[in-house]
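Q: One structure, pasted below without further comment.
Computed from the coordinates by the stated procedures, all read-outs in this text should not be read as laboratory data. These numbers were taken from a predicted model, which means no experiment stands behind them. Ideal geometry is used to build each Cβ from the backbone, glycine not excepted, and the neighbour counts take in all protein chains shown.
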């Protein structure tokens with residue numbers, strides 16, 4: 001894969017629960033990470049004393065984070081409401097020339113900040129709340 005423009009990695013939020021995704025306003029930086037826990041099945045009979053793992057048995061998870069400028073847009077309001085209501089709506093992450101990841105995520109933190117002579121900023125963190133789908137680009 002060739003180098004990609006960072007601004008093309010998009011986090012989108014299902015605004016109404018109907019599959020209508022809108023890019024989260026004001027984001028300047030975004031990140032997605034995937035994790036899989038391991039299940040250690042090493043025993044005294046393991047070859048050469050090497051650790052053995054049980055393939056496909058661990059818990060899988062994903063985390064999304066982003067930071068940007070507070071725009072007071074519809075997506076800012078929706079994200080805030082999701083957090084306070086404890087909802088787990090669908091999000092999409094568009095990874096340029098790679099594909100789209102979609103599924104339910106819980107907003108685990110929202111941070112707002114601002115300095116005297118600067119813009120208001122925010123940071124979001126989200127954790128997967130179910131199975132995710134992936135569609136290659």
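Q: Compute the FRET efficiency between residue 7 and residue 100 as 1/(1 + (r/R0)^6), taking r as their Cβ-Cβ distance and R0 = 25 Å, and round to the nearest 0.05.
A: With a Förster radius of 25 Å, E is 0.95.
Q: Oh, and also: What are the extents of the Cα atoms of the range 94-137 along their three principal axes, listed from largest to smallest and rounded to whole Å?
A: 44, 25, 7
Q: With a 10 Å cut-off between alpha carbons and a GNM built on the chain, which of 35, 117, 90 moves the most?
A: 117
Q: Relative contact order for the chain using alpha-carbon pairs under 8 Å, separation at least 6, rounded to a whole percent?
A: 25 percent
Q: Could you give the nm distance between label points at residue 34 and residue 51, where each point is 7 Å from its Cα heading toward the beta carbon?
A: Inter-label distance under the simple model: 2.1 nm.
Q: Note the full-extension length gain between residue 85 and residue 117 as 0.36 nm times their separation in residues minus their Cα-Cα distance, in nm to one decimal.
A: 8.2 nm
Q: Assuming R0 = 25 Å, can you tell me the calculated FRET efficiency for the pair residue 69 and residue 133, based on Cβ-Cβ distance, to the nearest 0.05?
A: Calculated value: 0.25.
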